[in-house]
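Asks: Once you've had a glance at the structure underneath, I'll fire off some questions.
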Ligand SMILES: NC(=O)c1ccc[n+]([C@@H]2O[C@H](COP(=O)([O-])OP(=O)(O)OC[C@H]3O[C@@H](n4cnc5c(N)ncnc54)[C@H](O)[C@@H]3O)[C@@H](O)[C@H]2O)c1
């Protein structure tokens with residue numbers, strides 16, 4: 001049987017590159033399409049053919065479809081910084097919604113009628129009930145969340161396409177043994193920001209990621225068990241399993257659907273700090289404290305029972321694994337060189 005090609009937009013980025021690898025391991029050919037506006041060529045080329053271009057360029061996307069005849073697409077390409085989206089909303093709507101819409105319509109016209117979409121818990125905003133179910137009210141509180149929600153809706157409006165929107169909660173961890181890991185620039189996620197100063201990352205990296213004064217914990221007065229914000233963390237390799245299952249669901253004739261992806265367990269920032277002390281053997285570590293950030297809800301936990309029931313997905317990796325694999329990745333020369341080069345390029 002010929003190997004089926006799967007388009008992976010944004011596959012040179014953090015999550016897309018791990019999932020391209022999972023596709024390869026599952027016997028598919030991942031065809032990565034990425035503008036490298038954020039991602040890295042080495043990540044895009046890791047698991048299959050890589051084509052450099054923009055999802056909003058219909059001629060480019062159409063040519064990649066003609067070349068590889070993919071049977072489905074996984075769509076990761078997007079901008080992901082909530083804070084930046086507040087300052088530059090037009091840039092977020094243009095990239096995440098309008099270009100995504102061009103991408104969906106172009107691939108559908110080429111016969112690619114199955115799409116798995118990277119959505120986010122940000123579509124729910126500040127939920128009234130926790131754990132959050134897929135039926136909860138959709139009330140994003142920032143342009144990032146709104147742009148992702150409108151892209152989801154645009155995808156479902158394309159005639160003849162069956163799609164799965166996977167709404168992730170907090171994604172963490174890495175696959176350092178495969179030469180892959182979280183390489184965001186800037187980096188706003190909790191675990192890398194905690195880990196990098198503790199593993200004594202090079203000064204150039206700490207400076208570039210605004211970590212020179214160490215890690216700061218935002219808010220200790222939330223109505224949670226220890227006063228810090230509670231989030232639901234899922235390992236990027238467990239997320240990869242969910243994508244393969246969602247893809248197989250669509251290839252098997254499954255109807256358009258939406259699934260939350262999280263562990264179903266909440267960890268407070270204080271608990272993540274405690275786990276990091278243990279995993280990295282730094283019992284002395286005491287984080288800096290800063291006021292709450294505007295728009296950060298107290299508690300976000302997924303109800304992912306629907307993904308467990310319908311897709312038969314089960315996350316296996318815990319917080320210690322996410323911290324340890326992230327630390328191992330951030331110690332690699334590839335990570336260090338990539339971020340130092342990006343910092344240098346940003347200065348000159
Ligand atoms: N990281 C998380 O914790 C998280 C949580 C929820 C949802 N998501 C979603 O997952 C997806 C991937 O996130 P990530 O953390 O891997 O981000 P990332 O920035 O590492 O990867 C995104 C990739 O998309 C590419 N890209 C962006 N715009 C493009 C365009 N117009 N054309 C072609 N390529 C383009 C970038 O170059 C980059 O390689 C995003 O859609 C995001 O909304 C991420």
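Read-outs throughout are calculated quantities, based only on the coordinates presented, and are distinct from any laboratory measurement. Just so we're clear, the structure is a prediction, and the values are computed from it rather than from any experiment. We place every Cβ from the backbone using ideal geometry, glycine too, and count neighbours over all the protein chains shown.
Asks: Tilt of helix 333-347 relative to the longest C-alpha principal axis of the chain, in degrees (0 to 90, nearest 10)?
Replies: 90
Asks: Per residue, how much space in cubic angstrom lies within the convex hull of the C-alpha atoms of the stretch 94-146?
Replies: That works out to 85 Å³ per residue.
Asks: Between residue 66 and residue 128, what FRET efficiency comes out of the Förster formula 1/(1 + (r/R0)^6) with R0 = 51 Å and r the beta carbon distance, rounded to 0.05?
Replies: After rounding, the FRET efficiency stands at 0.60.
Asks: If I model a spin label as a point 7 Å beyond the Cα along the Cα-Cβ vector, how far apart are those points for residue 347 and residue 158 in nm?
Replies: In this crude label model, residue 347 to residue 158 measures out at 4.2 nm.
Asks: Nearest 0.05, what FRET efficiency do residue 334 and residue 210 give at R0 = 22 Å with Cβ-Cβ as r?
Replies: 0.50
Asks: Specify the residue with the greatest mean-square fluctuation among 183, 29, 224, computed from a Gaussian network of the chain linking alpha-carbon atoms under 10 Å apart.
Replies: Maximum among the listed residues: 224.
Asks: Considering the chain, what Rg and Dmax in Å follow from its alpha-carbon atoms?
Replies: 19.3, 58
Asks: Just need log10 I(q)/I(0) for the stretch 280-335 at q = 0.13, 0.17, 0.23, 0.31 Å⁻¹, Debye formula, equal scatterers on the alpha-carbon atoms, no solvent, rounded to two decimals.
Replies: At q = 0.13, 0.17, 0.23, 0.31 Å⁻¹ the computed log10 ratios are -0.70, -1.00, -1.03, -1.14.
Asks: Per residue, what volume in Å³ does the convex hull of the Cα atoms of the stretch 162-205 enclose?
Replies: Normalising the Cα hull of the stretch 162-205 by residue number yields 120 Å³.
Asks: Before rounding to the nearest 500, sum -39500 (n - 2.57) across all DSSP H runs of length at least 4 in the chain and divide by the residue total; then give [θ] at 222 nm in deg cm²/dmol.
Replies: Calculated mean residue ellipticity at 222 nm is -11000 deg cm²/dmol.
Asks: Distance from a point 7 Å along Cα→Cβ of residue 109 to each backbone N in the stretch 37-58: keep the residues under 12 Å and list them by number.
Replies: 57-58
Asks: Next up: Assuming R0 = 22 Å, can you tell me the calculated FRET efficiency for the pair residue 88 and residue 37, based on Cβ-Cβ distance, to the nearest 0.05?
Replies: Approximately 0.95, to the nearest 0.05.
Asks: Okay, next question. What does the convex hull of the Cα atoms of the stretch 189-348 come to per residue, in Å³, rounded to a whole number?
Replies: Considering the Cα atoms of the stretch 189-348, their hull volume per residue is 156 Å³.
Asks: For the stretch 108-209, which semi-axes, largest first and in whole Å, follow from the square roots of 5 times the eigenvalues of its Cα gyration tensor?
Replies: Each semi-axis is √(5λ); the values are 32, 20, 12 Å.
Asks: On to the next question. Work out, step by step, the length gained on full extension between residue 4 and residue 280: first 0.36 nm times the residue separation, then minus their alpha carbon distance; give nm to one decimal.
Replies: 95.2 nm
Asks: Where both partners of a DSSP beta bridge lie in the chain, what percent of those bridges are antiparallel, to the nearest 5?
Replies: The antiparallel fraction comes to roughly 10 percent.
Asks: Ok, one more. Kindly express, to the nearest 10 degrees and within the range 0 to 90, the angle between helix 319-330's C-alpha long axis and the longest C-alpha principal axis of the chain.
Replies: 80
Asks: Hey, can you rank 279-291, 203-215, 45-57, 167-179 by average C-beta count inside 10 Å, highest first?
Replies: The most tightly packed comes first, giving 167-179, 45-57, 203-215, 279-291.
Asks: Based on the Kirkwood radius over alpha-carbon pairs, what value in µm²/s does the Stokes-Einstein equation return for the translational diffusion coefficient of the stretch 36-139 at 4 °C and 1.567 mPa s?
Replies: In µm²/s, the coefficient is 83.
Asks: Using Cα atoms only, what is the angle between the long axis of helix 269-279 and the major principal axis of the chain, expressed in degrees (0 to 90) to the nearest 10?
Replies: For helix 269-279, the angle is close to 80 degrees.
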